[in-house]
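Remarks on the structure that follows.
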């Protein structure tokens, strides 16, 4: 990649890593559903003018059903689930579970799209999911007490969010590859905002969120979602989908750094080692190390 591409890749990873910090800061004040609604609504407000300037608004009308489904699977479900999880677990741990998205995506692609899994990719899946299960066992001991139950639910929500991202990526490759990428990103946020509007209103917090909570949530919407999508699709256009996907490996690093700097979240040795195992498995599965798999599909859907 060129120097400019590397800078944008690093900036994108910093923004998506910060999303877990901002979700952690806003989840308790807003609640999962209102937090997700503010996030997607703010992102839609950022992206819609960009889409209009590109002259791609007609694509929203032409493909609204497909775009709406992507909005549910790639925004509504994972954003709400991660916001729920971050009521209990740290942002850095949630980011590590998010890094398992390509593993779920590869399994779904094999089962649904009949993508071939060669020996290195199969080994990567085994290694990656071993890291996931190790972290699950470490955080959720299944002893039955209240804290353990909450941790188990939070971990389960994080993994379901990663699974939803993996499914959405494959759905996008199969049914939405022909839709302009910015129209897909913008429309998915608009549709997500519409889907979440009533649930967010119904569960809106009785106590008004603080100014700090509002600022962190606005940053989550504008920077970590709206601006991040623009950077992501710029990277796909300039550096290719495979290079853009490598942002997956940097997100947990930034999430750990931001959590330590601003929330005093100290990662455990087990978490760091588990993260390394997951990223090694992901690197093998995606072909970033070892033989690169033959591409038979379009660019991945963004997962953050």
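The values are calculated or read from the model by the stated rules, or taken from the named source; none is laboratory data. Just so you know, these numbers come straight off a predicted model, no measurement behind them. No Cβ is skipped: glycine too gets one built from the backbone with ideal geometry, and neighbour counts run over all protein chains shown.
Side notes on the structure shown:
- Residues satisfying the stated conditions in the range 196-216, i.e. under 28 Å from residue 56 (Cα atoms) and crowded, with 19+ Cβ neighbours inside 10 Å: 196
- Residue within the range 54-64 that is in contact (Cβ under 8 Å) with a residue 40 or more places away in the chain, part of a helix (DSSP H, G or I) and within 20 Å of the chain's Cα centre (by Cα) present: no
- Of all the numbered requirements in (1) in a helix (DSSP H, G or I); (2) modelled with pLDDT under 95; (3) surrounded by fewer than 24 Cβ atoms within 10 Å (Cβ to Cβ), residue 48 misses one, and that requirement is (2).
- Meets criteria (surrounded by 17 or more Cβ atoms within 10 Å (Cβ to Cβ) and either touching a residue at least 24 places away in the same chain (Cβ under 8 Å) or under 22 Å from residue 19 (Cβ atoms) (or both)) for residue 290: no
- A single entry from 38, 70 fulfils the requirement of being in a helix (DSSP H, G or I), in contact with a helix residue (DSSP H, G or I) (Cβ under 8 Å, 6 or more places away or on another chain) and over 30 Å from residue 206 (Cα atoms): 70.
- Any hit, the range 202-211, residues being more than 17 Å from residue 65 (Cα to Cα) and in a helix (DSSP H, G or I): yes
- Residue tally, condition more than 27 Å from residue 274 (Cα to Cα) and part of a helix (DSSP H, G or I), over the range 226-261: 12
- Of the numbered criteria (1) more than 30 Å from residue 208 (Cα to Cα); (2) buried (at least 24 other Cβ atoms within 10 Å of the Cβ), the one residue 13 fails is (2).
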